[in-house]
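Scroll down for the structure; my scribbles are underneath it.
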Amino acid sequence: MRNFDLSHLYSNAVGFERMARELEGLLDQKTVAYPPYNIEKREQDGYRITLAVAGFEREELELETENGTLKVKGRKAPASGERQFLHQGIAERDFELAFKLSQHVEVRDARLEHGLLVIDLARELPEALKPRAIPIGQNESLALPN
């Protein structure tokens, strides 16, 4: 893995410190393979994250958003009784995933169905940021005298 030093960008950029920190964070991220998940683009401003959480109960899963990051945690309750596996292919370990959300992306719904945790997201632009047409009026003071 290569190490990139972005500190030289700080001296030439005013107000972009947050973006540089996020770039550094992206470069430092480790690839997470458990649990497997999909990210889909749906409609124009809709997204869906689907996590394979076989064996987890609703009470063992936790979702929270903080500072533009969606965190998904799974804490597996200890199994009651002793089990002897001949083969264990279903992982029953705790996990924590973090997804960086783009600006104005909000969680709309989360549900557990058939061993899949489905999280629907949507981009909701505030009215002030939506494109709007500006009518061009006629300025009477600039008209030439007759």
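Every read-out reported here was derived from the displayed coordinates using simple, explicitly stated rules and does not represent laboratory data. Everything numeric here is computed off the predicted structure, so don't read it as measured data. Neighbour counts run over all protein chains shown; Cβ positions are idealised from the backbone, glycine included.
Please list, ordered by chain and number, the residues whose modelled amide H lies under 5 Å from the amide H of Leu101; skip anything fewer than 5 residues away on the same chain.
Amide H neighbours of Leu101, under 5 Å, 5+ apart: Thr69, Leu70.
Give a quick list of chymotrypsin sites (Phe, Trp or Tyr not before Pro) in the range 44-112 that DSSP marks as loop, anything other than H, G, I, E or B, with at most 13 other Cβ atoms within 10 Å.
Listed in order of number, the matching sites are Phe85.
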